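Novice: The structure is given below, and queries will be raised subsequently.
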Amino acid sequence: MTIRYTCTGCESVLKIKDEKAGTNGRCPKCKTEFVVPFPTDGDGIEIDVRAASNVSASTDTIVDDVDMPIELTPEVEDSADFDPLDVLSGPVASARTVAARTSPAVPEKKPSVAELMRDFEAGKKKDRKKDSASEISTPAATTGSADQTAGSAASALTRAYQQKRDSASTPTLSVKDAKAAEQQLLMMDFIKKRAAPGILIFFVLSYSWFWWMNRVEYTGLPLYEVTGQTLKGGQPAPKIQVFFEPVGGGIDDKRPLVKAVSDEEGNFRVMYDPSFYGAPAGQYRIGLMDENGRPVEQSEALTLTVKEDGENEFKINL
């Protein structure tokens, strides 16, 4: 038969084999030692199981193999094949639960400042250990993200240093320099709006005076505008040198040799000298040369007359 015993420490109901009656036992939950009681009959009289089974029990033996589940042991019918150890097998109660059930109620004591400081330092040490352990167990991907974070931090430091260096290299103007710069801007504005027209007029008058004082004054024979065009086969002949040689003037003729050069369209204008255009009135023999200075053959001698009145425009056929 099975002995039912209620633990005095945690009030758990234990089911023990009857051959363990009279031996020392220990509660598997709260570890309270006790003596396994003898089973009783219906009239409450204890039955000496040891005498019936001729089992000599030692009072010094402690029963440690009694397993007790966390919850109360379920009711099980008695049978010849029943083994209490199969029913009592189960999770062992934690030490905290046992201590909570066995320890007497003690009034809560408020912790002192020193204890709070010790707890705080202990918590910090635990956090540091956890952080170091997590860093050691970090995979390669986390290491890559840490490298990226370190690179970002390095880039931020580089930018901050560059900004600081730029701000340090930027010259700062004193009050005196700022005032001088402001006066310079006002002066430039005055020159642009007020002094510029006067300066322009001054330069125009100076140039006119200089030109008047250095002008070349013509004192020779009266000059008349002479123009024309050189043609070859009815088409303009460009870059032809046309010479006007004075003829029929006698010994007292003071007319010089004048010339002209035709442009791309064959047009020319007679130039007396580099400063004046035209030619004195009178008769002239015409001579022609190409752009290389070689004489151009003419079918017959050509003579032209520059008149004092009327247009002096000629067409010369090569």
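The values are calculated or read from the model by the stated rules, or taken from the named source; none is laboratory data. Note that the structure is a prediction, hence the values are computed from the model and not measured. Cβ placement follows ideal geometry from the backbone for every residue including glycine, while neighbour counts extend to all protein chains displayed.
Novice: Inspect all residues belonging to the range 255-263 and state whether any of them is closer than 14 Å to Lys315 by Cα, of a type outside the set (Gly, Ala, Ser) and touching a strand residue (DSSP E or B) at 6+ places or on another chain (Cβ under 6 Å).
Specialist: Looking for residues that are closer than 14 Å to Lys315 by Cα, of a type outside the set (Gly, Ala, Ser) and touching a strand residue (DSSP E or B) at 6+ places or on another chain (Cβ under 6 Å), one finds at least one in the range 255-263, hence yes.
Novice: Determine whether Lys239 is loosely packed, with under 15 Cβ neighbours inside 10 Å, assigned by TED's automatic domain parsing to the domain that holds Thr303 and touching a Ser or Thr at 6+ places or on another chain (Cβ under 7 Å).
Specialist: For Lys239, the condition - loosely packed, with under 15 Cβ neighbours inside 10 Å, assigned by TED's automatic domain parsing to the domain that holds Thr303 and touching a Ser or Thr at 6+ places or on another chain (Cβ under 7 Å) - is met.
Novice: Name, by its number, the condition in (1) exposed (fewer than 11 other Cβ atoms within 10 Å of the Cβ); (2) of a type outside the set (Ser, Thr, Tyr); (3) modelled with pLDDT of 90 or more that does not hold for Asn312.
Specialist: Going through the list (1) exposed (fewer than 11 other Cβ atoms within 10 Å of the Cβ); (2) of a type outside the set (Ser, Thr, Tyr); (3) modelled with pLDDT of 90 or more, Asn312 breaks only (1).
Novice: Hey, another quick one. Of all the residues that make up the range 269-318, how many are more than 16 Å from Thr227 (Cα to Cα), in contact (Cβ under 8 Å) with a residue 12 or more places away in the chain and acidic (Asp, Glu)?
Specialist: Residues flagged as more than 16 Å from Thr227 (Cα to Cα), in contact (Cβ under 8 Å) with a residue 12 or more places away in the chain and acidic (Asp, Glu) within the range 269-318 amount to 2.
Novice: Sort out which residues of the range 256-290 are at pLDDT 90 or above and assigned to a loop (DSSP other than H, G, I, E, B), and write them in order of number.
Specialist: Those that are at pLDDT 90 or above and assigned to a loop (DSSP other than H, G, I, E, B): Pro256, Leu257, Ser262, Asp263, Glu264, Glu265, Gly266, Val270, Gly278, Pro280, Ala281, Asp290.
Novice: Mind checking which pairs have a first residue in the range 214-225 that is within 23 Å of Asp309 (Cα to Cα) and a second that is loosely packed, with under 10 Cβ neighbours inside 10 Å, Cβ under 7 Å, 6 or more apart or different chains?
Specialist: Leu221/Lys254
Novice: So which residues in the range 32-51 are assigned to a loop (DSSP other than H, G, I, E, B) and at pLDDT below 85, if there are any at all?
Specialist: Phe38, Pro39, Asp41, Gly42, Asp43, Gly44, Ile45, Ile47, Asp48
Novice: Inspect the range 282-289 for any residue being surrounded by 10 or more Cβ atoms within 10 Å (Cβ to Cβ) and on the phi > 0 side of the Ramachandran plot and give the result as yes or no. Working first, answer last.
Specialist: Here is the first cut: in the range 282-289, the residues surrounded by 10 or more Cβ atoms within 10 Å (Cβ to Cβ) are 282-289.
Of the ones still in play, those that are also on the phi > 0 side of the Ramachandran plot are 282.
Within the range 282-289 (the criterion being surrounded by 10 or more Cβ atoms within 10 Å (Cβ to Cβ) and on the phi > 0 side of the Ramachandran plot), the answer is yes, since at least one residue qualifies.
Novice: I've got another one for you. Sort out which residues of the range 271-301 are in contact with a Phe, Trp or Tyr (Cβ under 9 Å, 6 or more places away or on another chain) and under 13 Å from Ile240 (Cβ atoms), and write them in order of number.
Specialist: Listed by number, the residues that qualify are Ile286, Gly287, Leu288, Met289.
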